[in-house]
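The values are calculated or read from the model by the stated rules, or taken from the named source; none is laboratory data. As the structure is a computational prediction, the values presented were derived from the model and not from experiment. Cβ: placed from backbone, ideal geometry, glycine included. Neighbour counts: every protein chain shown.
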């Protein structure tokens, strides 16, 4: 693993941010006529097929050891099935731009989880300040009144935050994965996620009884190919080359891109409250990153 990001890594990071930030507006379109569970299952299954084909073209095979498949199962559930459903369900009632901004909770949650789960990512005063500032932004996004009343939108927005926390948790699990090619890692994870979600979807949703629009189906296919399959390849490519900490930088880009995607593709006009929450969240991220950059310089 390289300690220093190269230009190719920055290009892939920007591409990853474009992929992930676009997923929220496509999800918004998909859930108009397709249930959240079917959207989450559909994108996972489509991505699993795409990556399996890519893996076979590359002449790669899936591993046979139990340890690898345990990791595939854990990341498939925590990093794909659960957050995909939570985010799809939440976007029934909130704008895609708001969803992408709330995903900025991911790096904030990573500092909290990292403090208790690792020995090299402890919380400092600066990091704690950044975490509190960022979560203040989340509260502004949801609205204090909504929090007190636990309204529908508050629950939906908290579901987005829960999905972001799932992504972070999966990232920490992925740090311990056996050494495998990005195509193999991504395929294994999505295959196990499909094994979990497809039977549940068939029983609960009975998707053959749905009447999806062409727009929703097109959006679902787009989510499966780009923000899921291709983004998974980019994710593991970066983790292998420069580590999960570098990948977390995409969360600084996603909120802004999410607002842009929502405005361009769904005519969603951000409110003053949205912008205020965005500024607070990004402020918290910047504060934590300043500490992350300065900290190692003191080590001799």
Next item on the list: Please find, among 48, 5, 30, the residue that is at pLDDT 95 or above and touching a helix residue (DSSP H, G or I) at 6+ places or on another chain (Cβ under 9 Å).
Entry: 48
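I'm checking my understanding of the structure. Among residues of segment 176-209 that are exposed (fewer than 13 other Cβ atoms within 10 Å of the Cβ) and closer than 18 Å to residue 242 by Cα, which one is nearest to the chain's Cα centre (by Cα)? Outline the logic, then answer.
Applying the first criterion (exposed (fewer than 13 other Cβ atoms within 10 Å of the Cβ)) to segment 176-209 yields 176, 178-179, 199, 203-204, 206, 208-209.
Then keep just the ones that are closer than 18 Å to residue 242 by Cα; that gives 176, 178-179.
Details: 176: 19, 178: 22, 179: 22 Å.
The qualifying residue nearest to the chain's Cα centre (by Cα) is 176.
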Notebook entry, point to check: If you take just the helices (runs of 4 or more DSSP H) that sit entirely in segment 214-294, which of them hold at least 2 residues that are modelled with pLDDT of 75 or more, more than 30 Å from residue 54 (Cβ to Cβ) and out of contact with any helix residue (DSSP H, G or I) (no Cβ under 8 Å at 6 or more places or on another chain)?
Noted result: 272-294
Margin query: Against the conditions (1) surrounded by fewer than 24 Cβ atoms within 10 Å (Cβ to Cβ); (2) modelled with pLDDT under 70; (3) in contact with a helix residue (DSSP H, G or I) (Cβ under 7 Å, 6 or more places away or on another chain), where does residue 170 fall short? Just the number, please.
Written below: (2)
Notebook entry, point to check: Would you call residue 79 over 20 Å from residue 165 (Cα atoms), out of contact with any strand residue (DSSP E or B) (no Cβ under 7 Å at 6 or more places or on another chain), in a helix (DSSP H, G or I) and touching a residue at least 24 places away in the same chain (Cβ under 8 Å)?
Noted result: no
Note to self: Whether any residue in segment 139-161 is crowded, with 16+ Cβ neighbours inside 10 Å, over 19 Å from residue 268 (Cα atoms) and at pLDDT 85 or above is what I want to check.
What the structure shows: yes
